[in-house]
Amino acid sequence: MKNILIIILTFVCNLSYSQNFTEIETHLLNVINEERSSRGLSAFATDTLINNGAKIQAVYLSNVDTRKKIAHENENPLYEFPDDRIKISSNLKYIISSENITAFNYDSSQTSLEIAQRIHNNFMSSTLHRMNVLTEVHDVFNKGKTFTSYYGHYITYNEKLNLIIAVQLFPTENFNK
């Protein structure tokens with residue numbers, strides 16, 4: 001009986017959210033790079049270490065129980081601010097970062113691409129978030145030479161609040177190489 005109950009609960013929980021996060025993240029990177037390309041900027045390349053920093057905040061936000069807590073601060077003192085998260089996740093490879101966060105109600109009729117487009121539109125509607133997405137990174141050792149911009153993101157679902165939550169993390173020019 002216990003096994004049947006677990007199977008039923010698993011099935012019901014999976015019905016509440018049906019999108020594939022990896023697919024949304026792939027679409028989001030493509031949408032962002034299309035935007036950057038249309039403006040003559042270099043493409044972003046994801047970095048696993050930066051993704052891990054974004055994941056720290058996204059997982060934290062997936063467990064909050066009020067919309068008032070959807071913010072850049074984290075209650076864990078180790079991960080309180082974006083700079084803390086990027087330092088820890090990258091083992092000090094990146095020291096300073098900027099972070100974009102958006103959250104909106106999950107709509108099961110939307111495709112993964114539509115969700116990615118909504119995330120991107122939310123970020124582009126905010127002056128500071130748009131600046132993070134559209135900043136070109138230059139080699140700090142050879143001024144003026146553009147190089148690949150590294151970037152990370154993580155998308156999750158907060159079941160309690162029925163929210164899609166997306167976190168983007170951008171190391172700034174002042175990083176160690």
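The values are calculated or read from the model by the stated rules, or taken from the named source; none is laboratory data. The shown structure was predicted, so the numbers you read here are calculated from the model rather than taken from an experiment. Methodologically, a virtual Cβ is constructed for each residue, glycine included, from the backbone with ideal geometry; neighbour enumeration extends over all protein chains shown. All accessible areas refer to the heavy atoms of the entire protein, side chains included, with ligands and DNA or RNA removed. Shrake-Rupley method; radii C 1.70, N 1.55, O 1.52, S 1.80 Å.
The table below gives the values:
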quantity: Where only C-alpha atoms are counted, convex hull volume of the stretch 25-117 per residue in Å³; calculated: 113
quantity: Rounded percent of accessible protein surface that carbon and sulfur make up, the stretch 69-115, 1.4 Å probe; calculated: 52
quantity: Ranked by how many other beta carbons lie within 10 Å on average, peptides 38-50, 86-98 from highest; calculated: 86-98, 38-50
